[in-house]
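Down below is the structure, laid out as structure tokens.
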Amino acid sequence: MPELAEVEKAANLIRDAAKGCKVVQVDTAEDSIVYTGITHTEFADELVGRTLLDTGRYGKVFYLTLSGDKRMPVLHLGMTGMLHMRGQDATYYRKKPKDDKDVWPPKFMKFILHFAPVDAEPDAPHIEIAFLDPRRLGRIRLCKDPLQEPPISALGFDPILCMPTLKDFQAKVEKRGCPIKALLLDQSFSAGVGNWIADEVLFHAAIHPEQVAKSLSQEQIKSLHHNITYVCQTAVDADADHNKFPSHWLFPHRWGKGKTKSTLKLPSGETASIKWITVGGRTSAVVQQVQKLSGNGDPKKKRKRVTKKEDDSDESSLTEMSEEDESDVPKKKAPAKRKKLTHSGLSQITASGLTLKGETKSPK
């Protein structure tokens, strides 16, 4: 799923394309799951006519700062959420059709923001940015003060924005009796760290994911503290483009669960032996020559599979999802009476009011 770096890229996309522009129109599709605490029409009504002042990110959540005293959009991409600017490619988990950028409105659209320069003529072309979510695990909210309200107010430290000092970090780690991988994935501990980032951090820190947090040595905690910042900042600096990641990273080798032979070279020149285990219900890649389990960790302890939270998918928008990877993703049962969302069910709100485009169809 999108993690810290990918969410930073999404926030930057909107900022770079539309900062200083006015929201002149909002198209929405009804979705009582993705829209949280609000309706799709309420969301659109609060945005139209306001100017984009900036965007921000905290953990895996990003938000838009708009002019005026109304609430601000607060967005979570969930497992497969993404942004799509008209005329450009969206970032998909699977290989997308070649003509996807020409299909508008895009499939799985939840809203489209239409931006125009403040002094633009009424018939000037719009900058259109859509929020898509195929699996409906993303969340769209409105908050008066995004940083002081849930979900952001309930999150832990952000490795880029407010990494704690080594002393404070050590104190947080030493009082936890869970596997270190599970701790890193806990968003109330380290906001923005997901499965691939946690694996990368632990590889560079030479720590086994099953190692009990409070059993780590001071040197291990120091290495962990350094590498959380290193991995997150490097991924952000690369604009979440895995082709720009360092060649010695685990990232390109951690997918597929052994279906392809490892080509990761260790500093010794030896080819890394990668093993896949489940820690806290999550698939974890372990380089056996580097990440040794010691202390209170028990490699023979039976690992129980647990249902993953919506924030904790194994997937990253930097890679395609293989069939094997999909087997780790919990399937949600559809509600008994679930409306089918179609493009004909879009609603459109402009400065002049609400216009319905056809009727939302529901199965008989």
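Could you grab me the full set of residues in the stretch 205-224 that are buried (at least 23 other Cβ atoms within 10 Å of the Cβ) and assigned to a helix (DSSP H, G or I)?
Matches in the stretch 205-224: Ala205, Ala213, Leu224.
Of all residues being free of Cβ contacts under 8 Å to residues at least 40 places away in the same chain and of a type in the set (A, V, I, L, M) in the stretch 199-230, which is nearest to Lys292 (Cα to Cα)? Just the residue, please.
Ala205
Counting just the residues of the stretch 258-269 that are surrounded by 10 or more Cβ atoms within 10 Å (Cβ to Cβ) and at pLDDT below 90, which one comes out nearest to Asn195 (Cα to Cα)?
Step one: filter the stretch 258-269 for residues surrounded by 10 or more Cβ atoms within 10 Å (Cβ to Cβ), giving 258, 262, 264-266.
Now restrict to residues that are at pLDDT below 90: 258, 262.
Values: Gly258: 17, Ser262: 19 Å.
Checked the stretch 258-269; the qualifying residue nearest to Asn195 (Cα to Cα) is Gly258.
Enumerate the pairs (first residue in the stretch 258-276 and assigned by TED's automatic domain parsing to the domain that holds Ala198; second residue anywhere and of a type in the set (Gly, Ala, Ser) and modelled with pLDDT under 90) with beta-carbon separation below 8 Å, excluding pairs fewer than 6 apart on the same chain, so at least 6 apart or on different chains.
Sorted first by the residue in the stretch 258-276, then by its partner, the pairs are Lys259/Ser322; Thr271/Ser262; Ala272/Ser262; Ser273/Ser262; Ile274/Gly258; Ile274/Ser262; Trp276/Gly258.
Would you point out which residue out of Val34, Val48 is closer than 14 Å to Ile140 by Cα, of a type in the set (Val, Ile, Thr) and in the same structural domain as Pro106 (by TED's automatic domain parsing)?
Values: Val48 fails: closer than 14 Å to Ile140 by Cα.
From the options Val34, Val48, the qualifying one is Val34.
Does any residue of the stretch 67-84 turn out to be touching a His at 6+ places or on another chain (Cβ under 9 Å) and not assigned by TED's automatic domain parsing to the domain that holds Asp241?
Initially, the stretch 67-84 is screened for residues touching a His at 6+ places or on another chain (Cβ under 9 Å), giving none.
No, every residue in the stretch 67-84 fails to be touching a His at 6+ places or on another chain (Cβ under 9 Å) and not assigned by TED's automatic domain parsing to the domain that holds Asp241.
Scan the stretch 100-111 and give yes if some residue there is over 28 Å from Thr51 (Cα atoms), assigned by TED's automatic domain parsing to the domain that holds Gly37 and either surrounded by fewer than 21 Cβ atoms within 10 Å (Cβ to Cβ) or touching a residue at least 40 places away in the same chain (Cβ under 8 Å) (or both), otherwise no.
Going residue by residue through the stretch 100-111, those that are over 28 Å from Thr51 (Cα atoms) are 100.
Within this subset, residues satisfying the condition of being assigned by TED's automatic domain parsing to the domain that holds Gly37 are 100.
From what is left, the residues that are either surrounded by fewer than 21 Cβ atoms within 10 Å (Cβ to Cβ) or touching a residue at least 40 places away in the same chain (Cβ under 8 Å) (or both) are 100.
Yes: one or more hits.
Test Trp255 against the stated conditions and say whether it is among the aromatic types (Phe, Trp, Tyr), part of a loop (DSSP other than H, G, I, E, B), out of contact with any strand residue (DSSP E or B) (no Cβ under 6 Å at 6 or more places or on another chain) and at pLDDT 95 or above. So that I can check it myself, show each step before the final result.
Working: among the aromatic types (Phe, Trp, Tyr): yes; part of a loop (DSSP other than H, G, I, E, B): yes; out of contact with any strand residue (DSSP E or B) (no Cβ under 6 Å at 6 or more places or on another chain): yes; at pLDDT 95 or above: no.
So Trp255 does not fit the description; no.
The values are calculated or read from the model by the stated rules, or taken from the named source; none is laboratory data. All values reported here derive from a predicted model rather than from experimental measurement. Because the Cβ atoms are built from the backbone with ideal geometry, glycine has one as well, and the counts that use them run over all protein chains shown.
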